[in-house]
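Shown next, in structure tokens, is the structure this report addresses.
The values are calculated or read from the model by the stated rules, or taken from the named source; none is laboratory data. Fair warning: this is a prediction, and the values are worked out from it, not measured in the lab. All Cβ positions, even for glycine, are placed from backbone atoms using ideal geometry, and neighbour counts span all protein chains on display.
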Amino acid sequence: MKLEELAAARRTHKAFGPESLAPGTLVELLSVARLAPTHHLNQPWRFRVLGPETLDALKRAAGDKEAQKLGRAPTLVAASVALTGDLVMDEEDVCATAAAIMLVLLAATERNIATYWRTPAVLRTRPGREAVGIPSGERFLGLLHFGSAEREPAPREREPVETYVEFLP
């Protein structure tokens, strides 16, 4: 499948089957992150696979209402970026980590694995970060959901390229 077709096939899933991804499959997906462009090849991304105890701790930190959304997928991965304290480098590393996440999502799509990239508020709080082990020197970028698709979301229309591309003289 060509990259454009793969990108077009990627969907945000909100309903997943009960089966977790095999650890080997998850490692294969996350290994694709290392192919993302990164300044000085520092690979600043960090991925933490949430086990049942960690998920329970995160749900307690989130509260009852948000906790229901955290249990949608059988496999959850917290994605963060290690910060250096240098504003320019940190901005580049955030962008590199977002690119790494997208590569992981595309790799999952290629394997017919359903995904959802969420940014729940609880992971911007100290209790939420502590629940999943994100230290103060890292910035949370997403909670990645993986599993089988319970139902396929419909494609959404995107703005035409002319709305966001400008050719300058």
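Remarks
- If you go through the range 48-62 and keep only what is among the basic types (Lys, Arg) and either without any contact (Cβ under 8 Å) to a residue 60 or more places away in the chain or not in a helix (DSSP H, G or I) (or both), you end up with 48, 59.
- When residue 65 is tested against (1) outside any helix (DSSP H, G or I); (2) more than 27 Å from residue 41 (Cα to Cα); (3) more than 15 Å from the chain's Cα centre (by Cα), just one condition goes unmet, and that condition is (1).
- Exactly one residue out of 15, 82 is of a type in the set (A, V, I, L, M, F, W, C) and surrounded by fewer than 16 Cβ atoms within 10 Å (Cβ to Cβ): that is 15.
- In the range 30-47, the count of residues that are modelled with pLDDT of 95 or more, among the small types (Gly, Ala, Ser) and assigned to a helix (DSSP H, G or I) is one or more.
- Hits in the range 125-169 - residues which are basic (Lys, Arg) and either within 17 Å of residue 56 (Cα to Cα) or crowded, with 16+ Cβ neighbours inside 10 Å (or both): 126, 129, 139
- A search for C-beta distances below 6 Å between a residue of the range 105-130 that is free of Cβ contacts under 8 Å to residues at least 40 places away in the same chain and any residue that is not in a helix (DSSP H, G or I), counting only pairs 6+ apart in sequence or on different chains, returns 119/142.
- Some residue of the range 115-138 being within 17 Å of the chain's Cα centre (by Cα) and polar (S, T, N, Q): yes
- For the range 9-44, filtered to residues that are of a type in the set (A, V, I, L, M, F, W, C) and without any contact (Cβ under 8 Å) to a residue 60 or more places away in the chain, the residue that is nearest to residue 144 (Cα to Cα) is 27.
- Criterion: part of a loop (DSSP other than H, G, I, E, B), among the hydrophobic types (A, V, I, L, M, F, W, C), out of contact with any Leu (no Cβ under 6 Å at 6 or more places or on another chain) and crowded, with 16+ Cβ neighbours inside 10 Å - qualifying residue of 73, 96: 73
- Flag for residue 122 being in a helix (DSSP H, G or I) and closer than 25 Å to residue 136 by Cβ: yes
- Matching residues in the range 99-119 - criterion: being assigned to a strand (DSSP E or B), surrounded by fewer than 20 Cβ atoms within 10 Å (Cβ to Cβ) and β-branched (Val, Ile, Thr): none
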